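Trainee: Okay, here's the structure, questions in a sec.
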Amino acid sequence: MHIGIDARLTYYRRGGISLYITRLVSALEALATPHRWTVFHSRKSRESLVEQFERSVLWTPAHHRIERYALSVELLRHRLDVLHSPDFIPPLRGGRFHVATVHDLTFLHYPQFLTQESQHYYNHQIAWAVAHADHILTISEASKRDIMSMLGVASEKITVHLPGVDDSFKPVDRETVARRLNALDLPTDYFLFVGTFEPRKNIIGLARAYRKLVDMHPGAPPLVLAGSPGWNFDDTRAAIDALSLPDHILWREAIPQDMLPALYSGALALIMPSFYEGFGLPPLEAMACGTLPIVSNRASLPEVVGPVGVQVDPRTRPASRKPCGVPGRIRSGAAPRRRRAGNGRRHSRGNALQKSLYPSINYSTESYPQCEP
């Protein structure tokens, strides 16, 4: 069977779906399946995601207005049995069968958090995409429930595969953590957020809750915001700067991937109060590094952290004594934190098993019984 994976998005974006694609290809190559695989890159990309699979290039830009049709023409000569579209929208005809990954339905829940271009691309095409796909992959039970309830897709058409953490995410020794933090000009104690700086992540709400914490405890450890600017970043930055905490809220952009384990390991807690997440890798990565995750009680995040993480309501306005319920939870002592950290490592590794299992399931008879030669 000839299977293609559309990896064009990795040229245009880092993190998120692009990271999913990169790790998917790597995991599949490690399986040594009997199928023939072709990974399609953007023609502009000079990097290659493959070591064993075939590499091919496509001229059609990701998210182009005639993408569904132009991509169909380009893929025709490859005579694919299955085309996997990891970025929601498959082409009109790319292979005999189509598999699409629908990571989440943020754009339907919170359309105000997207640009007009993204709203047009996803909101106007998602109903067609899930009807057109022969099978749908998604990354959490919460997203599966959304796809079923909001788009009317039958349960048997959807397979959930939980992303796992990369093996590099594990507790880092103190000396290495100290060197890494020094290179990033960070103190030894801090709270941490990791992700794109965009409204959906609720970092303005996080910063306002942290403002209350500082008011109550002026010597509180700083809050480190690590990630990259996203949509509406200027407004987000202005709202946080208006809190007048330049020595307490520390922005760090473009953190190298190999420094993240140390950044997680050194943190008192990872805080991710998102309004919505299809999965949410940072809490899982933090747990793998032995760090307590504090997450919102929405969408997939309770599923990700299980009994290990602390859950808060992202809609709660910071009150005078308990901003978002966070201070009492994260200042509860080192011993409970260590116990939670040990449980977190075990919980995250349970998810990591899925990383090796899901490709062998989803690319064989269970997901596409009709595709067997």
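Throughout, read-outs are computed from the coordinates displayed, never taken from laboratory work. This is a predicted model, so every value here is computed, not measured. Glycine gets a Cβ as well: all are built from the backbone with ideal geometry, and neighbour counts include every protein chain shown.
Trainee: Which three extents, in angstrom, do the Cα atoms of segment 90-249 have along their principal axes, listed largest first?
Mentor: 59, 37, 25
Trainee: Turning to a different aspect of this structure: Please identify every one of the GluC sites (Glu not before Pro) in segment 33-130 that sits in a loop by DSSP and has no more than 12 other beta carbons within 10 Å of its own beta carbon.
Mentor: Working: sites: Glu47, Glu51, Glu54, Glu67, Glu74, Glu117; in loops: Glu47, Glu51.
Taking segment 33-130 and a limit of 12 other Cβ atoms within 10 Å, the loop GluC sites (Glu not before Pro) found are Glu47, Glu51.
Trainee: Hey, how many Å between the Cα centroid of segment 68-136 and the Cα centroid of segment 195-251?
Mentor: Here the answer is 34 Å between Cα centres.
Trainee: At what distance in angstrom do the alpha carbon centres of segment 1-61 and segment 159-187 lie from each other?
Mentor: A separation of 25 Å, based on Cα centres.
Trainee: Mind listing the long-range amide H neighbours of Met272? Cut-off is under 5 Å, sequence gap 5 or more, other chains count too, H placed in the peptide plane at 1.01 Å from N.
Mentor: Sorted by chain and number, the residues that satisfy this are Ile294, Val295, Ser296.
Trainee: Taking +1 at the Cβ of each Lys and Arg and -1 at the Cβ of each Asp and Glu, which of Pro221, Met272, Ala242 sits farthest along the dipole of segment 167-275 towards its positive end, judged by Cα position relative to the Cα centre?
Mentor: Met272
Trainee: Now for a different question. In whole Hz, what ³J(HN,Hα) sequence does segment 22-29 give by Karplus (6.51, -1.76, 1.60; θ = phi - 60°), x for Gly and Pro?
Mentor: Coupling constants for segment 22-29: 4, 6, 4, 4, 4, 5, 5, 4 Hz.
Trainee: Which residues in segment 95-112 have a backbone N closer than 18 Å to a point placed 7 Å from the Cα of Trp251 along the Cα-to-Cβ line?
Mentor: Correct set: none at all.
Trainee: Could I ask something else about it? Taking a point 7 angstrom from the Cα of His109 along the C-beta vector, which residues in segment 130-149 have backbone N less than 16 Å away?
Mentor: 138-149
Trainee: Compute the length gained on full extension between Thr176 and Ala131: take 0.36 nm times their separation in residues and subtract their Cα-Cα distance, giving the result in nm to one decimal. List each step's numbers first, then the result.
Mentor: Working: separation 45, 0.36 × 45 = 16.20 nm, distance 4.98 nm.
Additional length available on full extension: 11.2 nm.
Trainee: Could you order the peptides 132-142, 27-37 from most to least packed, using the average number of other C-beta atoms within 10 Å per residue? Please list the in-between numbers first.
Mentor: Details: 132-142: 21.5, 27-37: 14.6.
Those peptides, ordered most packed to least, come out 132-142, 27-37.
Trainee: Tell me, what is the Rg over Rh of segment 33-101, with Rh the Kirkwood radius over Cα pairs?
Mentor: Dividing the radius of gyration by the Kirkwood radius yields 0.94.
Trainee: Same structure, new question: Quick one: Kirkwood hydrodynamic radius for segment 101-151, alpha-carbon pairs, angstrom, one decimal? Spell out each step's value before the answer.
Mentor: Working: mean 1/r = 0.0884 Å⁻¹.
That comes to 11.3 Å for segment 101-151.
Trainee: So for the pair Arg14, Ala238, with labels modelled 7 Å out along Cα→Cβ, what separation do we get in nm?
Mentor: 2.7
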